Structure formats: C-alpha cells, structure tokens
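Here is the structure we will look at.
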Amino acid sequence: MSTLLGLYYWKQHKHRSLLPDGPPGWPVFGNALDIDTTQPHSSLMEWSRQYGDVYTINLMGQYVVVLSSAEAIHECFVTKSNEFAGRPQTFRYHYFLHHQPDVVLSNPDEQWYTAKKAMMQGLKMYGDGLQVLEDLTHDILKDFIFAIEDKKGVAFDILEDLHDAVTSIIATLIYGKQLSNDELRQLVTTDYQVSKVFASNGPGYELDMFPWLRFVSRKNFEDFKNATLAADKWFNGRVESHKEKYEESRMNGVLDYLIKVQKNAKHEGKADISDMSLENYTKNLLFAGMSTTSRALCALLLVWLNQPDVLEKVQTEIDNVIGQRLPRLSDRLSCPFTESMILELLRYISHAPLAIPHETTKDTEVQGYFIPKGTQIFPNLWTLHHSERYWKNPWQFIPERFLDKTGQLFPADHPLRKKLLPFGAGRRVCPGEALAKNRLFLFVACLAQKFNFLPEDESNIPTADPRSYSIGLPLCPARFKIRVLPRIE
Ligand code: HEM
C-alpha cells in the first residue's frame, strides 16, 4: 500500500513539476478551497492578473492549466485544435450518459466525428434548412406573442415562456415534430433539474474527484441520481419509437441523420453505435440548446431595462428595415445594430465562462509552456471577453463596439471579432452556433418590434451585470419580473 501511495505522489509531483506556475495550494485540496464557488471564473480571472496568461491550478489533486489570453486560447482552439480536443472523463457524466459515447464529452474518434458531422447536417443551417427554421420559429413566436400579450402589462417572470418557446424549436428540429404541452413541460422541468446538478460547483462536484464518496456522502449523490432518472424517464424509448418511422428517403429531423450514421456504421462493418449513444446525442442537443438561448434572452431584457436607449436603437432599426411583418433571417444582413447588439450580449454575459473543459491528447505546448498529454485545460472565455487589454470598458454594454464609423458591422475576420469566441472554435466548436445566432436574431427582432419593456418597480431595477449571475449550465441571471407592453395597441 505504502509503495502504491509513494508511486502515486511521485507521479503527481512529476506531472506538477512539468506544468506552468500557479497559485500555491493546500495539502490534499490544492486550490479548491481558494476558489469562490459562486463565481469560479472570477477567481480564475483574478489569478490570471498575478500568474499570467497560462498558469496551473490544482483541484484536489487534479492539475488544470488555465488559459486567459486571446493568443493562448487561439493556440488551443485553432492552431493546435487536435492536440487540445480531448475531454476529461468524469464520473458524473459517465453515469448520466450510461457509459455510452456522446458528442459533448467523448474524446474525438471516428464515431464522435461522424456523429458531430451528422448533428450539423441535421440542423441544416443553410439553404432550405433556414426556411424550415424561420417557418417553425414564426409559428412558435405567434403563440409566444399571444401568451405575453395576455399578461396585459402585469409584471411576470418571462423566463418560462422564453424557455418553452426556445425548447419547442430545438425539440422540433431534433424529432421532426412538435412536442405536446405535457412533454414540453416535463422536458423543461428536467432541464432545470439537470442544470442544477451539473453546475461546475453543483452538488456532487466532489464525486468527479472521488467517485467513492457516493458511498459516504449520500445526499449529493441522491440529487444527482434523481436528475439522471428524470432525464431517463423523458428520453427512454424515444429513439426506438422514432426508428420505427424512419425512412431514408424522407429525412425529418436531426435524429434521422443520426440513425442514418448508425445504419451506415453497421452496413460498413464499423463498430456498432448503440441506441443509448443516439439517445445521448439527443440529450447533448437538447440540454445544450435550451437554457443557453433562453438565459441569453433574459439577460438582454435586463440590459434593455437598465439601458432603454439600446432598445430604442434596435426598435428604430427594426421599424425602418422590417416594419410590421415578422422578421426573417435574410433581414440579418440589413440590421447591423441588432447583430452587433447580439454579439455584445454574448461577449458581455459570456455565459459559458470556461467553455467545456478540454484535455490534451498528446504532449504539446502552449505559448512556449510544455503541457503533458492528459492535462485538463480551462479556456477562460470570461477573462478573454472582459479583459481591458482587448475591450474598452469591458463591464459596460456597448453594442457600437462592433460597428465601424458608417454603422456597418465589422466583418467576421476583424481583429476585435476574432477575440470574441462565445462558441469556442476549431474541432470542439459548438455545433449549435449558427442555430443559436439565427434563433436569437428572430426572437430579439420580434420582441423589439412588438413590445416595450418596463421593470416591475422603477425604483428597484434588477441588475444586468453578469458578475451577479449564478453558476449553472449556463450562467444564469437571477429570476426577475418584467412588464411587457404592446407598442401598437
Ligand atoms: C448562446 C448559445 C450557445 C452558446 C454560447 C454555446 C457555447 C458553447 C461552448 C462554449 C461550447 C464548448 C466549446 C469547447 O469546448 O471548446 C459548446 C459546445 C457545444 N454546444 Fe453550444 N452553445 C450555445 C448553443 C448551443 C445550441 C443551440 C446547441 C444545439 C443545437 C449547442 C450544442 C453544443 C454541443 C453538442 C457542444 C459540444 C461540441 C463538442 O464537444 O465538440 N449549443 N457550446
């Protein structure tokens, strides 16, 4: 036993001595006790001031290299995309995904690659796929508008309506048909439950470090197990019943594209893709595609409450370019202020503050530092997006920062836009980026076109500052009530 322990500590020490410097830690816990568990990304930002753009922390024996500069993050995401494309394998995710591959957390291999490609093909954010998204969003927006008009200007918590509408869109894109109201309610409830247990500081975080603690600390494990059971209850059987209706000549929804990948693998004699993996892919898309957009929209409403001039500018643009008809995706090109406001929103809130942890797949280097294979990497997007080095007044919401002197949006290859990476980049880039941006545009344009927004209490406007958000999947502004008034009676 003592030889084994000695070997373990020797290996740990050797691994640490190879890595960049970082804050000194405590025995056993390392730096875990020094991190603000309500704002871990802010603690990491603080340390970057002292230890630089590339430093190492120790989370209960697990070494993590934190990257904070645009150059270091670009090197990891883009230049050395393959070498940084691994994911740390954690107890909780394996348990939640029933030890079967998925896209979000699996290491890149052939199955991962074909599944991610099929997801992107199935989401079809090009050609007639855009028309499908536009028509579907219009249908859902009509019900959404009706529901909020019905509140008749009385203050209410808008998150639920937004969350339902956004969820309905992604679920329809996956399954090729709209969910019933009951299915939708259960899915949204499950999402809240899952988001809570997977927050980076959520109950059960310690289980990733020491899985055996589930036999000792039952409460956290029970909460986590219940969220897994709730997800299973919702997802189990859906893939099987979808497969019964599958017709290769009539691809209807992302799941059909994933089923095709499964059939092709079988046909070509490749490793089997299990039905559980197909289920995991749909979990990936739903859990990643619901809260990210609904929370971003809530964050924007908070900005509008605090900076009504921003709303007025969007309304002027929408009135001039779109008028009274429903906004279309083709309007994006003619609405530079709205587009730039959405980019500023994604920068300001950075609600996936540390992206999803990466892991090195081989010995490599970043900014001249040697990083051994199997090292966890946190790309700190929070610091990247709030660093005074790149952004003037980073804690202020300034949509104009992405516009040139004539009011046109900077092109995607403009140096400032290249420092904005809310969806990551390279091999692990978010496959929902185009969908998220398109859906945000349609919602934002429609909200600004139809409504004015007032706080519940003029003397106590809820803050829009993202430093107040609580940790979850993704960062969440506190729940708030808002009065929504039609612009035209
Ligand atoms: C505002 C909305 C969204 C933001 C800010 C966002 C952000 C991100 C980020 C930062 C990552 C991690 C990238 C990395 O590890 O380097 C990611 C991964 C991912 N996102 Fe999104 N996302 C959004 C919406 C969506 C939507 C709508 C979907 C689904 C349709 C989606 C599906 C995924 C998936 C499947 C991955 C894992 C990709 C991989 O591991 O290779 N996301 N997203």
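Every number here is computed from the coordinates shown, using simple stated rules; none is lab data. As the structure is a computational prediction, the values presented were derived from the model and not from experiment. As a convention, Cβ positions derive from the backbone with ideal geometry for all residues, glycine included, and neighbour counts pool all protein chains shown.
Under 13 Å from the Cβ of PHE84, count the other residues' Cβ atoms, weight Lys and Arg +1, Asp and Glu -1, and hand me the total.
+1
Hydropathy at least 0.0 by Kyte-Doolittle, axial extent at least 27 angstrom from the Cα trace: which helices of the chain, defined as entire DSSP H runs, fit?
127-149
Taking the mean number of other Cβ atoms within 10 Å as a proxy for protection, how do you rank 65-76, 230-241, 104-115 from highest to lowest?
So the peptides 65-76, 230-241, 104-115, ranked by packing, come out 65-76, 104-115, 230-241.
Sort out for me the Cα centre separation of region 406-431 from region 49-126, rounded to whole Å.
19 Å
Compute the projected area of the convex hull of the Cα atoms of region 282-341, averaged over all viewing directions, and report it in nm² to one decimal place.
Across all orientations, region 282-341 yields a mean hull projection of 5.1 nm².
Given a Förster distance of 35 Å, report the FRET efficiency between LYS233 and ASP135 from their Cβ-Cβ distance, rounded to the nearest 0.05.
Result of the calculation: an efficiency of 0.65.
Can you pull the Rg over Rh of region 212-353, Cα-only, Kirkwood?
Answer for region 212-353: 1.12.
Which residue, chosen from GLY153, THR292, VAL103, occupies the Cα position most advanced towards the positive end of the dipole of region 2-486, where the dipole is computed from +1 (Lys, Arg) and -1 (Asp, Glu) charges on Cβ about the Cα centre?
Farthest towards the positive end: VAL103.
Largest first and in whole Å, what are the equivalent-ellipsoid semi-axes of region 411-474 based on the Cα gyration tensor, each being the root of 5 times an eigenvalue?
29, 18, 13
What length, rounded to one decimal in nm, is gained on full extension from ASP363 through to HIS414, with 0.36 nm per residue of separation minus their alpha-carbon distance?
15.1 nm
Choose one of THR282, VAL321, GLN367: the residue whose Cα lies farthest towards the positive end of the charge dipole of region 2-486 (beta-carbon charges +1 Lys, Arg; -1 Asp, Glu; about the Cα centre).
GLN367
With a cap of 15 neighbouring Cβ atoms within 10 Å, and only residues DSSP puts in a loop, list the trypsin sites (Lys or Arg not before Pro) found in region 405-464.
Loop-located and lightly packed - LYS405.
Could you please tell me the mean projected area of the C-alpha convex hull for the chain, averaged over all directions and given in square nanometres to one decimal?
Average projection, Cα convex hull of the chain: 24.9 nm².
By count of other Cβ within 10 Å, fewest leading, how are ASP223, ASP256, ASP157 ordered?
If I rank by nearby Cβ atoms, fewest first, I get ASP157, ASP223, ASP256.
Extending each Cα 7 Å along its Cβ direction at ASP109 and ASP150, get the distance between those two points in nm, one decimal.
4.9 nm
By a straight-distance test (C-alpha under 12 Å), which aspartates and glutamates pair with LYS418 as possible cross-link partners, with residues fewer than eight away in the same chain excluded?
Excluding near neighbours in sequence, the set is GLU71.
Placing +1 on the Cβ of each Lys and Arg and -1 on the Cβ of each Asp and Glu in the chain, which of ALA171, GLY25, ALA352 has its Cα farthest towards the positive end of the resulting dipole?
It is GLY25.
Most exposed first by the Cβ proxy, i.e. fewest other Cβ within 10 Å, how do TYR348, TYR246, TYR55 rank?
TYR246, TYR55, TYR348
Taking other Cβ within 10 Å of each residue's Cβ, how do SER249, SER195, SER330, SER291 sort, fewest first?
SER249, SER330, SER195, SER291
Averaging over every viewing direction, what projected area does the convex hull of the Cα atoms of region 371-456 cover, in nm²?
Mean projected area of the Cα convex hull: 9.2 nm².
Using only helices, what value at 222 nm comes out for the chain when you add -39,500 (n - 2.57) per DSSP H run of length 4 or more and divide by the total residues, to the nearest 500 deg cm²/dmol?
Theoretical 222 nm ellipticity from helices: -15500 deg cm²/dmol.
Give me the net charge for the shell around ASP256: Cβ to Cβ below 15 angstrom, other residues only, Lys and Arg +1, Asp and Glu -1.
Here the charged neighbours net out to +3.
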